[in-house]
Amino acid sequence: MNQKLSQEILVSRSHNLYSRNEDARSPYTRDYTRILHCNAFRRLKHKTQVFYDPDNDHICTRIEHVLHVESVSYSIASAMGFNVELTKAISAAHDLGHAPFGHFGETVLSFILYDNPLITDVDNKEIPKLFWHEKHGLRVVEKLEFLPDTKDQLHNLDLTYAVRDGIICHCGEIDEAALYPRSDFQDLDSMTKPGQFSPCTWEGCVVKIADKMSFFGRDIEDAKLLGLFDGDTLSELKSMLQSHTKRIAAVNNTELIGILIRDLLTNSSIDKGLTFSSDTQDFMKVLREFSYKHIYTHNRVESYKKYAYLVLTQLYRHLIDEFEQEAIFEKLKTGTSRYFGFYDTFCEWLYDRDMKRCNDERDLPIAQRGNVSTPIYDCQNSLKDYKLAVVDFIAGMTDGYAIKCFNMLLKY
C-alpha cells in the first residue's frame, strides 16, 4: 500500500460508522460487505456490459465484468503483496455509477446534461457538464445509496477514502509506460474529468489495470456467440493472435487473462510500477482496435444505440414535463395511475432524498420521522435540483427497467 499517504487518510470516512461488538472485519472488508448489500450493486446484474438487455443468459453483464475485475485484481495483488481486501472492495464498487445501456448511456446522459435545450443553466458549476460513470459512482456511494444501521435508520455507505478514491480514479486506458499511485491527498469531489489523477494506492492501480485486462477476451467471446463475425473477421482475428509472440491458439477470456497477468507480474515491481512488456502493450492495442472495429461499432450495436437514445431521452422528457415547482410531488402523483411503476417509483425515490420530506417531518417526534438522514435535492425551490434528480434516477436504472418504463409511456 502507498505509504506516502497516512493510514488515517486511507481509512477515513465522511462519518463514523456505527460500531459492532467483536467485529473481526478490517475497514476494507467492512466496505466490501456494505457494497454487496446496497441496491446499486444488485442492479449490476441487469446492466449492460457491451450488448444491451440480452435475452441470452450467457452474455456478459456488468456484474460479471465486476467479478472478473475482482478475480484479476486479487491474483495480481496477492502475488505482489498488496492488500487484497482493499482490491476486492474497490473492484466490487468500481462500476456502481454505470448508467443503463453501458458507455453509450453515459453519452446520452452527457447530452441531456449539456446539449439538451431543456437545460438552460449548463454554465452553473453545480450541474455537471459531463456524465462519467466514475464520478457518478462516487456520487452513488456518497449520496444516493443508503444502508440501515443497528436502529434501522438509513445512512449513506460511508466508505473509506481509499475505496472512494479507487472508484473515481479507475478510469482511463493504460497507455502509459507504467502505472504508479499518486502521493498526495485530493478532494475527490473536486475532480473534473476522467483520468485526471492516478489512484492513491497500489491497490487502486491494480484495479484500474485489471479493469482493462478483463474485457478483451470476454467481449470477443460474446461477439462470436451472437454471430457478429463473418469469415473474414474470424480470419483477421486468427491472424492477429498468431502474430503475437506467444502464438495464441485460442481466443477466450481464460487464456487472454492468464497471458496478461503473467506478463504484468513478470515486468512489474514497486520501482518499475505496474507495466507490461512492450510486446504485450502492442498486442493489447491491436486487440482494442480490433474490438472497436468489429464489435463496438458493429451495425447491430449501432442500431441499438438509436433505441437506447430514444428510451433515455424520452424518460427524461416525460419527467421534466411533470415539473411544477410549487407542487412537484402532487403533480407526479397524478401521473401514477397512467404510468404505474414509473412515476410512483420516481416520486417515492425522490421524496426520500428531497428537502420537502425533511420539512414535512421536522416537527414530528424522532421515532416518527423518515429514516433517510441527509436530503440532497431541494426540488420545490430549484429546477436545477429537479433536473439533476431526474438524471440520477435514470442513471440508476437497469436496461430492462428503463425499457419497461419507456413502454409504459407508449400506452394511452
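The values are calculated or read from the model by the stated rules, or taken from the named source; none is laboratory data. Only a predicted model underlies this, so the values are computations on that prediction, with no experimental measurement involved. As a convention, Cβ positions derive from the backbone with ideal geometry for all residues, glycine included, and neighbour counts pool all protein chains shown.
Residues that are within 22 Å of PHE111 (Cβ to Cβ), part of a helix (DSSP H, G or I) and modelled with pLDDT under 90: does the stretch 371-384 have at least one?
The answer is yes; a qualifying residue exists.
Does LEU260 satisfy the criteria of being surrounded by 15 or more Cβ atoms within 10 Å (Cβ to Cβ) and closer than 18 Å to GLU203 by Cα?
yes
Restricting attention to the stretch 199-212, which residues are in contact with a helix residue (DSSP H, G or I) (Cβ under 6 Å, 6 or more places away or on another chain), of a type outside the set (Gly, Ala, Ser) and crowded, with 24+ Cβ neighbours inside 10 Å?
Of everything in the stretch 199-212, those that are in contact with a helix residue (DSSP H, G or I) (Cβ under 6 Å, 6 or more places away or on another chain), of a type outside the set (Gly, Ala, Ser) and crowded, with 24+ Cβ neighbours inside 10 Å turn out to be PRO199, CYS200, THR201, GLU203, VAL206, VAL207.
Look through the stretch 303-332, keep the residues that are over 22 Å from ASP378 (Cβ atoms) and polar (S, T, N, Q), and return whichever of them is modelled with the lowest pLDDT.
SER303
Every residue in the stretch 71-101 that is polar (S, T, N, Q) and under 22 Å from ASN253 (Cβ atoms), please.
SER71, SER73, SER75, SER78, THR87, SER91, listed by residue number.
Here is a check on your reading of the model: is GLU289 within 24 Å of the chain's Cα centre (by Cα) and surrounded by fewer than 17 Cβ atoms within 10 Å (Cβ to Cβ)?
Yes; evaluated as a whole, the condition is true for this residue.
Out of the residues in the stretch 14-39 that are among the aliphatic types (A, V, I, L, M), in contact (Cβ under 8 Å) with a residue 40 or more places away in the chain and surrounded by fewer than 21 Cβ atoms within 10 Å (Cβ to Cβ), state the one that is nearest to ARG300 (Cα to Cα).
LEU36
Just to verify a result, which residue in the stretch 146-175, among those that are modelled with pLDDT under 80 and closer than 29 Å to GLU289 by Cα, is nearest to the chain's Cα centre (by Cα)?
The extreme case among them is GLY172.
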